[in-house]
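First up is the structure itself, then whatever we jot down about it.
The values are calculated or read from the model by the stated rules, or taken from the named source; none is laboratory data. Please read all numbers here as calculations on a predicted model, not as lab measurements. Cβ placement follows ideal geometry from the backbone for every residue including glycine, while neighbour counts extend to all protein chains displayed. These accessible areas exclude ligands, DNA and RNA; they are computed on the full protein's heavy atoms, side chains included. Shrake-Rupley method; radii C 1.70, N 1.55, O 1.52, S 1.80 Å.
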Amino acid sequence: MSRINIVPVFFLLVCGITVSFPSPIHGSNQVNQKNVDAIVDETERLIVAGESITQLDDTKRDIVLMIGNTGAGKTTITKFLTEVGKLESYDTGDRYLIRDTDQKISVGSTMVSKTIFPELFVDGATGTAFYDLPGFSDTRSTSIEIANAVFMKKVADHAHRVKLLFVVNYGSLRTGETRTDLKTFLEQAVDLVKSPAKFKSAIAIVATKVEVRRNRDQIIRGIASYLLTARANLEEVFHDVNKRRAAQDLIDAFLSKDGSGKYNRISYFKQPDNVGPLTRFPEVMSQKAHIETVLYRNTQFLAKSPEDFGFSVSSGAKLVITKLAERLNDRTTVTMATLGNRLASQLSTKVQTSNWSSLGSLIEEPKKLGEMAQSLASTKSLEAFKESLNKIIVHLKLTDVMADELKDLERKYSILKFLAQISGSTFSASILDWSQPIQISVSSFAASVSQKLANFGMEMESKVSAITQQINTNFVKKLQSFANAKEKQQLYLTFSNALKTAYDRLLSANSVNSFIQQVKNQMNILDKEVPTTTLEQLTKDINFDKSLPFKLLMWASPFEALLMKIKEGKYNMDLQVLQDDNTMTKANNKAVIDELNNRYQKDIKDHEKTLANLRNTITTDQQRWDAERAQMIKNHQEYMNKTDKLIKDLQARKSQKTGDGGNAAGLVWSILDGVSRIIGAATKRIRSSPVSTAIENMMTDELMRRRLLIDGEGGGDDRRALLLQRGFLSFCMEKPGEEMKSSQKKLVREMGQLEHVQLKTRFAIKANEEFREIYKDLAGRFAIEIEKTREELDSYRNTLDLAKENRKQQQEYSSLVKLIRMQPDRKKTELKKLKLESELAELEAQQKSIEDSLANRKRSMTVLMTAISSLYGLVNEEEEESRMKEEAARQAAEENLLKQLAEASMLAKSRHHFPPMEMDKSHTLVPNSNPGSPLEQVTPEGPVTDPRPFGFASDVLMSPMDPVKERYDELSESD
């Protein structure tokens, strides 16, 4: 008994190759399981050959399909309509047949067709395209049957509009002939043409091999009569209602009539009655004209759809199709692996040959390709897979580069599709296995692009670092050109502020191009001598985000390092300048204090000098006042004289008329009025003096209180003027005499005193005003000096605070520098981070690949377990069948042995009169128990066996060399 080795099967399943185990086929079209692989190989060879042989002309989309059973004469009719000059008749001995110079028509027997693939014929006169299709029920092999169905379907799908010309053997359309051919024809025809009613105006029929001596109308009417009878009996032939209706529609199309009532869709081809080219026979050529009329005039091209035609194959062919589909599936996997390698090579070349400026476009490719690859893996059908794959190839513009692989895949797709349609089965495509090479290529491409971006980031950082080094070099040179610390400090301040602005602008960049542009712009501000031509902008910009292997901070870090270095130099320079300023400020403060002291001493001397001048001025003024006083006395004496004269005149007038009181009184009041005016003018002059004005301006509460407390009714000049007025009034009222003279002298003296006080007061006011101006000027100058000193002190205080702050910042900076130096370098950290991220991405890709592989292995293991279960079932069935066969063979052998033994016993009995031998239950021969048997005799001593007869029987029947005995022994051992 044979055993099945499952190790190769397990290997295929683990490797991801789909293996199916179809059950054995039983029936008329039974295919031996051992020959399935050979048939699959032959089928594949035919399909590959047919791809190159079958012509599909894109300019010929309106075609005539030649349809009929195998051997009906389709090729003959096709060449008769298109290449009649190549046809000739020949004599076979019993009739005349037709052959062509191309030997495409079967010669001799028509049981074997020569048409394997659909062949294109074009009528040179009309340009009509004919496709000679393989016949129904091809008699050659399962491989040819499948190839015929594949390419018939391919031709049908190629056409836009069709005409259907059915070719039928005339023997199948005559009364009295077998109806099997017509039944087979109709069954195959309705399987091929799903809806004959749709193509009613495009269908015609040609009967071939007509040999009767009747005219055309009789032959056509006979064919139509037979078709009508067949139509009436379709219920007995077709039990399926849909197929019966389709057959009725097809016959109705054949039986179409023209306006005169004649059948205009039926024609025929009569066999020639002589040898020679067909063009020499007018009757044959007239038949060609009739067929062309039926085909070209009475039918029309109709548009078709893929669902209008169907193709069926036998059960044996379906088994071969299943195996062929599995093989195509496996080979598609191999082709996809090759395509994936080519794709990976092309993508790797694309990454390697790309320049930095094209990174913006290159960075978007992995994401797009990843989405396309994911969409490819998630497809559920061949059409969707093919469409997704074409999108990837077209997107990468690799159609020309991978033309061979795509053409091979397209051929496999179309064959798989045709096989599924003609077999009515659904083949599971290993889309995950097919798409895995593409996904691996895309993952490798994404890793290459990521590495390319990482290299770009490192090179950009190197370029920026070179720029900052050049900036620092130029700055140091410029700094060395200044000798003054203040100028260096100003340079540090200006440059650090510009560098801080540049660094902030760089950090505000949101894309690569904006960063590069900012670097160039800031270089125009910082140092125009530093070249930036090495920084090339991208054709398509890249926005900074977390997914990029390079970071903005890495690119800006050289500027940050330079800024920290400049700030450190600036702090040191500020500290040095502050120290120098403090030293200079101390010296300046000491000089200022000395100057102020000298100025104070000088001011004191000037004040003393001014006081001496004032004393001199007072002395001079006193002398002038004395002179004026003497002049006043003189004037007073003159006034006294005039007064005396006046008094005398009054006395004289008084003596003239003592009784004239009114005149005396008027004279007295006129004198009093004159005196009052004199005193008022003097008072007014005194009041209008600067002294009076100053007194009025200084009339405060304190002066009023002192006047009220000390002076009583009045004091000072006002009191003197009042006393003078009273004395004058008293003087006027007195009588002439000594007393009046005494009053006069008193009045003169008081008036002199008033003038002296007035003059003294005037000089005192003038001196006070001069002193006030002097002191006011001194106060202003001292205020200015004090304010200036206060401002200098504030400046020194601010400078000291700034120095303290700088010292504090310097200490903080030193601490920060120590802390930073304790930490690892940012560049190394970023590189380590990038390396870890790259390793993480690779590990994730490996994990995904391992998970996919594990899923494939799980599916394969499931299939393996199912296959093993099926194998165990098949093995058990085979063992049971073998055991039953062995049991039947053993029983047959036993019956044969018993029969042979019985015959041998009868022969021995006829020869030696021995009783027949019987076989006991242990299959051991013993003599018959009948009395008087020659093998057993009864004697007084007991039964004695005759040795001769028994030995004779053994020699004849139980010889060690007897094959019957050997077979008997074998059966006994098996039992």
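Scanning the range 589-626 for residues being more than 30 Å from residue 793 (Cβ to Cβ) and either touching a residue at least 24 places away in the same chain (Cβ under 8 Å) or open to solvent by 60 Å² or more (accessible area, probe 1.4 Å) (or both) gives a total of 17.
Scanning the range 847-878 for residues that are open to solvent by less than 50 Å² (accessible area, probe 1.4 Å) and over 23 Å from residue 443 (Cα atoms) yields 860, 864, 867, 868, 871, 873, 875. For the range 233-251, the tally of residues that are part of a helix (DSSP H, G or I), farther than 17 Å from residue 192 by Cα and open to solvent by 20 Å² or more (accessible area, probe 1.4 Å) stands at 3. For residue 381, the conditions (1) without any contact (Cβ under 8 Å) to a residue 60 or more places away in the chain; (2) hydroxyl-bearing (Ser, Thr, Tyr); (3) closer than 14 Å to residue 449 by Cβ all hold with the exception of (3).
Out of the residues in the range 80-106 that are hydrophobic (A, V, I, L, M, F, W, C) and surrounded by 18 or more Cβ atoms within 10 Å (Cβ to Cβ), which is modelled with the lowest pLDDT? Ranking the candidates gives 105 first.
Does at least one position in the range 262-271 carry a residue that is assigned to a helix (DSSP H, G or I) and either touching a residue at least 40 places away in the same chain (Cβ under 8 Å) or at positive phi (or both)? Scanning the range 262-271, I find no residue that is assigned to a helix (DSSP H, G or I) and either touching a residue at least 40 places away in the same chain (Cβ under 8 Å) or at positive phi (or both), so the answer is no. Taken over the range 262-280, the criterion of being loosely packed, with under 15 Cβ neighbours inside 10 Å and either charged (D, E, K, R) or under 60 Å from the mean Cα position of the chain (by Cα) (or both) is satisfied by 262, 273, 280. Of everything in the range 214-230 that is part of a helix (DSSP H, G or I) and surrounded by fewer than 17 Cβ atoms within 10 Å (Cβ to Cβ), the residue that is nearest to the chain's Cα centre (by Cα) is 228.
State yes or no: is residue 828 at pLDDT below 80, charged (D, E, K, R) and under 26 Å from residue 455 (Cα atoms)? Against the criterion (at pLDDT below 80, charged (D, E, K, R) and under 26 Å from residue 455 (Cα atoms)), residue 828 qualifies. All of 502, 509 fail the test of being in a helix (DSSP H, G or I), at pLDDT 85 or above and of a type in the set (Gly, Ala, Ser), apart from 502. Within the range 112-156, the only residue that satisfies the criterion of being part of a helix (DSSP H, G or I), at pLDDT 80 or above and among the β-branched types (Val, Ile, Thr) is 155.
Among the candidates 486, 477, 528, the residue that is open to solvent by 30 Å² or more (accessible area, probe 1.4 Å), over 30 Å from residue 853 (Cα atoms) and in contact with a helix residue (DSSP H, G or I) (Cβ under 8 Å, 6 or more places away or on another chain) is uniquely 486. Residues of the range 546-563 being buried (at least 17 other Cβ atoms within 10 Å of the Cβ) and farther than 14 Å from residue 506 by Cα, which ones? Once the filter is applied, which keeps residues that are buried (at least 17 other Cβ atoms within 10 Å of the Cβ) and farther than 14 Å from residue 506 by Cα, the range 546-563 yields 548, 549, 550.
In the range 239-250, the residue that is farthest from residue 202 (Cα to Cα) out of those that are in contact (Cβ under 8 Å) with a residue 40 or more places away in the chain and not small (Gly, Ala, Ser) is 243.
Would you mind stating whether residue 189 is out of contact with any His (no Cβ under 9 Å at 6 or more places or on another chain), in contact (Cβ under 8 Å) with a residue 40 or more places away in the chain, outside any loop (DSSP other than H, G, I, E, B) and closer than 20 Å to residue 78 by Cβ? Yes, satisfied. Is one or more of the residues making up the range 825-839 over 30 Å from residue 445 (Cα atoms), out of contact with any His (no Cβ under 6 Å at 6 or more places or on another chain), free of Cβ contacts under 8 Å to residues at least 24 places away in the same chain and open to solvent by less than 100 Å² (accessible area, probe 1.4 Å)? The answer is yes; a qualifying residue exists. Quick check on residue 744: is it surrounded by 14 or more Cβ atoms within 10 Å (Cβ to Cβ), more than 21 Å from residue 618 (Cβ to Cβ) and touching a residue at least 12 places away in the same chain (Cβ under 8 Å)? Criteria met by residue 744. Look at the range 389-418: where a residue is farther than 24 Å from residue 371 by Cα and touching a residue at least 12 places away in the same chain (Cβ under 8 Å) and a partner is part of a helix (DSSP H, G or I) and hydroxyl-bearing (Ser, Thr, Tyr), sitting 6+ places away or on another chain with Cβ atoms under 6 Å, you get 408/335; 412/332. Scanning the range 380-423 for residues that are open to solvent by 60 Å² or more (accessible area, probe 1.4 Å) and β-branched (Val, Ile, Thr) yields 394, 399, 401.
From the list 440, 471, the one residue that fits, being out of contact with any Lys or Arg (no Cβ under 7 Å at 6 or more places or on another chain), of a type in the set (Val, Ile, Thr) and surrounded by 21 or more Cβ atoms within 10 Å (Cβ to Cβ), is 471.
All of 598, 572 fail the test of being more than 30 Å from residue 489 (Cα to Cα), part of a helix (DSSP H, G or I), out of contact with any Cys (no Cβ under 9 Å at 6 or more places or on another chain) and not small (Gly, Ala, Ser), apart from 598.
The set of residues in the range 213-261 being closer than 30 Å to residue 272 by Cα and in contact with a strand residue (DSSP E or B) (Cβ under 8 Å, 6 or more places away or on another chain) consists of 216, 219, 220, 221, 223, 224, 250, 253, 254, 255, 256, 257.
Please indicate, with yes or no, whether at least one residue in the range 189-203 is more than 29 Å from residue 58 (Cβ to Cβ) and among the acidic types (Asp, Glu).
no
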